[in-house]
Amino acid sequence: MSDNKVTYDESQIQVLEGLEAVRKRPGMYIGSTSIKGLHHLVYEIVDNSIDEALAGFCKNIDIIIHSDNSVTVVDDGRGMPVGIHPKMNRPTVEVIMTVLHAGGKFGGGGYKVSGGLHGVGASVVNALSETCEVIVKREGKIWKQVYHRGDVASEFEEIGETDGHGTQINFMPDSEIFDELEFQYDVLAQRFRELAFLNKGIKINFSDERNDKKESFHYEGGIKSFVEYLNKNKEPIFPEPIYIEGTKEDSIVEIALQYNDGYIENLYSFANNIDTVEGGTHLVGFKTALTRVVNDYAKKFGLIKENDKNLSGEDVREGLTAVVSVKLSEPQFEGQTKTKLGNSEMRGIVEAVVGEKVSIYLEENPGIGKKVVEKALLAARARDAAKKARELTRRKSILESTTLPGKLADCSSNNAEECEIYIVEGDSAGGSAKQGRNRRFQAILPLRGKIMNVEKQRIDKILNSEMIRAMITAFGAGIGKDFDVTKIRYNRIIIMTDADVDGAHIRTLLLTFFYRYMRELVDGGHIYMAQPPLYRIAKGKKEVYCYSDIEMEEELEKIGGKDNSVDIQRYKGLGEMNADQLWHTTMDPEKRILRKAAVEDAMLADEMFTILMGDKVEPRREFIQENAKNVINLDI
Ligand code: 1YM
């Protein structure tokens, strides 16, 4: 993009309104005042540096979280313009920092590729910071200005000389505005890694002075490296991701893709560095073109016959990991969360680029082309088999429609809103749960033995598992593509397993199944984990249940320490509790503790599930060791 350089003209800044509006309604500008909003401040500033890098002037971006939770962002770009703004008659830096919506107008083919929620930039961050300081190195000099809650606190002044150039912003988020002030290292690091993948060549150095953590993100391979990263714990079927790039009508399209030996489709799409979670025209264009290219290739080389049925899009995408990244001058975002690209021209542009470049790639690399087609053919055959299996279960479930799974003890209420189902490990605990429950709204489904690892199976095999079929019929909402959350018979699905390694394993297997095949249950917050107690402490007639070691020690302390009159029972499994105890400790809505399973981030979840459930042993061992302290939260 270096030939798209724009020269800055101070009069091009548009002036809109003051910053009081931002402090009055912060949510309008940064989404919320929760931790998300807090992180958003950092992204807004970093986006300005990224824009400068995309304009071809900056290579390095440093981000530092200080011990007091203030943040510094430094880049080595041109430095913000320091001249007097002709309309405002103030230093331009001051205008950028104190006037809402102040920003360069980017004519002449420049891209303002802000990833920010509304792209409102530095002034919003300034408005929402207790203090903010800008240091600019430009034209041999160093300038500085300080602000307090968006107001100028010191004149824009020259403070020294330099050979360097760039912009530095330090800010301390305002405790009057934010509910939380502690930045989360992992969340920020994840975004910086993503930005480094999406903008090849940029080096992002991130350090956290609160705990001396440090990481540097720099990928010359860009999104090709991104795909390698996403596939790092999988088995690719050819060594290097396919990378294509094209420019049309002022838009840039970049795509990297690689197949692995699994069955899951892993597509990520971005527009101007924003994760388009809901997809959009660019993704549609990619899918359409890929299906066509693979079919054309297969026919041309006789891998399928002219008269054979075409490979479907799903067949072609089985085991595919791909990143689609577009950059365009006026992105339109639609959808519930404004993460769906709406620009209709993008569909054709991406289709054209993929249509041309991927077919050339496959023709030049016939070994890879053949592997891709063979993989899609296998998928097509499996899908046929699965369809037959599904029809079979459907027919069966019609026969059985009044007979729910034999092991299920259903509740009497038909009002799904109040109903819940406990998936219980083991027949004996299942028995206690059946006796102890409130029959009106609590159903019990006991699970015997281990459940199938769905990560390693195709849908036809998965549907052969009796346990999985029992869950599908009990929930009543179908599976996979046909899953319809509105038909669900229980508002809460509660996994109740022993508090040991086996229990954790079963829980992860169940979560994997729900995540892969009943995703809306996870996204909609319908999945919970029961928390059975670890200890029962009894002294005389008094008894208490404790859910952690710390709690147990605190309780012992309270009753004056451990002596002969104190009886401590450690529960090894649910089966050790009788029906009454199970109800009081783990099932009574008034007293129980439930933990909701939420998938905050599909990418992290996918990585976690792949590592925990996939074939590779080494990454699993590493992951478990690294996370040993957080085992309880492992399964999100
Ligand atoms: C740590 C944050 O804001 N860097 C930054 C910002 C700008 C420029 C360079 C810049 C842009 C242009 C010309 C141009 C900004 N300029 C503006 C405005 N880092 C950080 N680095 N010269 C310098 O786009 O033409 C807004 S931000 F308004 F002047 F264009």
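The values are calculated or read from the model by the stated rules, or taken from the named source; none is laboratory data. Here the structure is a predicted model, which means the values were calculated and not measured. Here the Cβ is made from the backbone with ideal geometry for all residues, glycine too, and neighbour counts use every protein chain on show.
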Exercise for the section: Can you confirm whether segment 195-217 contains a residue that is touching a residue at least 60 places away in the same chain (Cβ under 8 Å), under 25 Å from VAL93 (Cα atoms) and in contact with a Ser or Thr (Cβ under 6 Å, 6 or more places away or on another chain)? Expected result: yes
Exercise for the section: State whether the residues of segment 278-293 include one that is without any contact (Cβ under 8 Å) to a residue 60 or more places away in the chain, assigned to a loop (DSSP other than H, G, I, E, B) and not acidic (Asp, Glu). Expected result: no
Fill in the blank from the handout: Counting only residues that are crowded, with 21+ Cβ neighbours inside 10 Å and within 12 Å of the ligand (Cβ to nearest atom), segment 62-72 contains a total of 2
Exercise for the section: Output the residues belonging to segment 357-374 that are closer than 20 Å to ASN310 by Cβ and in contact with a strand residue (DSSP E or B) (Cβ under 9 Å, 6 or more places away or on another chain). Expected result: VAL358, LEU362, LYS371, VAL372
Practice task
Quick one: count up the residues across segment 129-157 that are polar (S, T, N, Q) and farther than 25 Å from ILE177 by Cα.
Solution key: 0
Exercise for the section: Kindly provide the set of residues from segment 24-61 that are touching a strand residue (DSSP E or B) at 6+ places or on another chain (Cβ under 7 Å), closer than 20 Å to CYS132 by Cα and more than 9 Å from the ligand (Cβ to nearest atom), ordered by number. Expected result: LEU38, LEU41, VAL42
Practice task
Please find, among ASP296, ASP308, ASP315, the residue that is farther than 30 Å from GLU52 by Cα and not in a helix (DSSP H, G or I).
Solution key: ASP308
Exercise for the section: Can you confirm whether segment 478-485 contains a residue that is within 29 Å of the chain's Cα centre (by Cα) and closer than 27 Å to GLN569 by Cβ? Expected result: no
Handout entry: Meets criteria (of a type in the set (S, T, N, Q) and at pLDDT below 95) for ASN89
Key = yes
Exercise for the section: Kindly indicate the residue of segment 443-474 that is under 15 Å from PHE514 (Cα atoms) and small (Gly, Ala, Ser) and also surrounded by the fewest Cβ atoms within 10 Å (Cβ to Cβ) among those meeting that condition. Expected result: SER465
Practice task
Could you give me the residue pairs with C-beta distances under 8 Å whose first residue belongs to segment 47-67 and is among the hydroxyl-bearing types (Ser, Thr, Tyr), whose second residue is within 9 Å of the ligand (Cβ to nearest atom) and at pLDDT 95 or above wherever it lies, and which are 6+ apart or on separate chains?
Solution key: SER49/CYS58; SER49/ILE61; SER49/VAL73; SER49/ASP75; SER49/GLY77; SER49/THR167
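Table: residues versus (1) over 21 Å from TYR229 (Cβ atoms); (2) within 21 Å of the chain's Cα centre (by Cα); (3) surrounded by 19 or more Cβ atoms within 10 Å (Cβ to Cβ).
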{"site": "ARG317", "(1), (2), (3)": "no, yes, yes"}
{"site": "LEU328", "(1), (2), (3)": "yes, no, yes"}
{"site": "PRO331", "(1), (2), (3)": "yes, no, yes"}
{"site": "GLY348", "(1), (2), (3)": "yes, no, no"}
Handout entry: Complete set of residues in segment 490-509 that are in a loop (DSSP other than H, G, I, E, B) and under 26 Å from the mean Cα position of the chain (by Cα)
Key = ASN491
Fill in the blank from the handout: The residue that is farthest from GLU420 (Cα to Cα), considering only those in segment 458-470 that are touching a residue at least 60 places away in the same chain (Cβ under 8 Å) and not basic (Lys, Arg), is ASP460
Practice task
Could you check how many residues of segment 464-485 are closer than 22 Å to HIS526 by Cα and in a loop (DSSP other than H, G, I, E, B)?
Solution key: 6
Exercise for the section: Of the conditions (1) acidic (Asp, Glu); (2) touching a strand residue (DSSP E or B) at 6+ places or on another chain (Cβ under 6 Å); (3) closer than 26 Å to PHE192 by Cβ, ASP275 clears all except one; give me its number. Expected result: (2)
